[in-house]
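This report concerns only the one structure given below.
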Amino acid sequence: PPIHVIPPEQKTKIRCYEFLNETSRSFASVIQELDDGIRDAICIFYLVLRGLDTIEDDMSILIEKKEPLLRNFHKTLYKKGWTFDESGPNEKDRQLLVEFNVVIEEFLRLERQFQDVIVDITNKMGNGMADYAKDAAHNKYGVMTNKDFDLYCHYVAGLVGIGLSSLFSISGLEKPELANDTELSNSMGLFLQKTNIIRDYLDDLSGNRRFWPKEIWSIYVADLADLKKPGYETKAINCLSTIILNALQHIPDCLTYLNKIQNRSIFSFCAIPQVMAIATLALLFKNYNVYTSVVKIRKGETVKLILKCTDIYEVANIFRYYTRVIIQKNDSKDPNFMKISMACGKVEQWC
Ligand code: PS7
Ligand code: MN
Ligand code: MN
Ligand code: MN
């Protein structure tokens with residue numbers, strides 16, 4: 001018999017970290033660098049939400065089945081042994097749901113206060129996702145106004161920010177006040193989610209997912225899909241500026257939030273995705289490739305950013321660098337020229 005028998009509770013934890021590495025390119029390393037008191041809770045929070053998002057994204061699940069799955073997902077966290085093997089064979093994180101019992105085991109081993117935050121956020125996110133999935137299934141355009149855009153992004157990302165701040169405060173690694181300012185936490189999520197939605201225009205459209213608000217694209221075209229058509233190049237570039245301007249409005253809140261973080265590992269965890277988002281926005285601005293291919297910052301640039309992200313002064317410098325890149329690409333023929341210049345100017349005045 002083997003001498004080293006790994007106890008079952010260690011096996012499920014190891015499997016959870018394997019899932020983290022398999023399902024996330026951007027969060028796997030920053031989560032693993034977190035301090036002991038918070039690392040497992042945030043890893044499990046991530047895997048729970050990744051599972052929920054896999055159901056949201058799976059267009060092969062009929063709405064009659066999807067809606068209750070999304071609305072009740074928070075309850076499955078207490079159902080030992082629950083798994084889900086009905087995702088489409090091409091769904092990229094399908095295996096996480098096939099072995100979701102492992103995530104549940106580890107969830108149930110977390111402190112009660114951590115569990116309560118994860119359940120509360122999963123409940124709110126699942127119900128928000130269900131509302132929008134229902135609209136999409138009935139061929140209704142879900143994200144009509146800029147207010148709807150903020151609400152959808154609140155459900156899928158702002159709530160993550162709010163939940164993370166609660167976890168940080170409960171752990172004692174950050175002050176209780178951090179969790180009280182939910183607007184700042186919400187903005188942290190909105191900045192990431194909007195950048196993701198802008199970058200994923202083509203990919204989302206090919207899967208029939210439409211997240212750009214109609215209030216923005218209807219200024220330029222009759223249908224969101226027209227933006228990528230030949231003959232619409234100038235409209236497409238101006239529409240891109242309008243939605244990027246919308247995302248830039250969150251920057252002052254994000255810097256204010258980051259300025260409140262005290263713990264070094266939590267600072268890196270929060271700041272690295274934000275810095276990647278501003279670098280991405282600078283790359284997307286005036287870039288027609290958004291409509292023809294996937295635009296991503298280069299690996300070397302990502303590595304440089306991660307190394308520089310040490311404190312709030314460095315992060316403010318990185319933000320200034322990229323808002324200057326945007327200013328350089330800005331031109332007076334852009335209908336948003338003035339507003340973009342002002343949104344970027346706010347970063348100059350910041351610390
Ligand atoms: C719990 C770390 C730090 C105060 C799975 C982190 C998908 C952009 O959909 O995988 O594949 O195109 O590239 C993350 C605030 C959420 C918002 C949201 C949970 C920051 C389910 C991340 C991540 C708040 C819904 C990943 C929002 O994008 O997208 C944990 C503070 C999950 C954060 C989704 C998107 C995240 C996202 P996709 P990605
Ligand atoms: Mn999704
Ligand atoms: Mn997704
Ligand atoms: Mn996306």
Of the candidates 9, 33, the one satisfying the condition of being more than 20 Å from residue 108 (Cβ to Cβ) and either touching a Lys or Arg at 6+ places or on another chain (Cβ under 7 Å) or in contact (Cβ under 8 Å) with a residue 24 or more places away in the chain (or both) is 33
Counting only residues in the stretch 200-239 that are of a type in the set (Ser, Thr, Tyr) and without any contact (Cβ under 8 Å) to a residue 12 or more places away in the chain, the one farthest from residue 292 (Cα to Cα) is identified as 218
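What residue, of 150, 135, 200, 204, is modelled with pLDDT under 95 and either touching a strand residue (DSSP E or B) at 6+ places or on another chain (Cβ under 9 Å) or within 21 Å of residue 277 (Cα to Cα) (or both)?
Details: 150 fails: modelled with pLDDT under 95; 135 fails: either touching a strand residue (DSSP E or B) at 6+ places or on another chain (Cβ under 9 Å) or within 21 Å of residue 277 (Cα to Cα) (or both); 200 fails: modelled with pLDDT under 95.
Sole residue among the options that is modelled with pLDDT under 95 and either touching a strand residue (DSSP E or B) at 6+ places or on another chain (Cβ under 9 Å) or within 21 Å of residue 277 (Cα to Cα) (or both): 204.
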Taking the stretch 51-68 and the residues there that are crowded, with 19+ Cβ neighbours inside 10 Å and within 11 Å of ligand 1 (Cβ to nearest atom), the one that is farthest from the chain's Cα centre (by Cα) would be 55
Condition set among the aliphatic types (A, V, I, L, M) and over 20 Å from residue 225 (Cα atoms), scope the stretch 138-157, selection farthest from ligand 4 (Cβ to nearest atom): answer is 151
- If you check residue 125 against the conditions, is it under 18 Å from residue 207 (Cβ atoms) and crowded, with 16+ Cβ neighbours inside 10 Å? no
Listed by range, helices (runs of 4 or more DSSP H) wholly within the stretch 244-351 having at least 3 residues that are within 21 Å of residue 184 (Cα to Cα), within 20 Å of the chain's Cα centre (by Cα) and of a type in the set (Gly, Ala, Ser) are 264-284
The lone condition residue 182 fails out of (1) within 19 Å of residue 46 (Cβ to Cβ); (2) surrounded by fewer than 18 Cβ atoms within 10 Å (Cβ to Cβ) is (1)
When residue 71 is run through (1) closer than 22 Å to residue 117 by Cβ; (2) within 16 Å of the chain's Cα centre (by Cα), the failure sits at (2)
Residue set 297, 312, 243; condition surrounded by 19 or more Cβ atoms within 10 Å (Cβ to Cβ) and either small (Gly, Ala, Ser) or at pLDDT 95 or above (or both); output residue 243
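The values are calculated or read from the model by the stated rules, or taken from the named source; none is laboratory data. No experiment lies behind these values; they were computed from the predicted model shown. With ideal geometry, Cβ positions are generated from the backbone for all residues, glycine too; neighbour counts draw on all protein chains shown.
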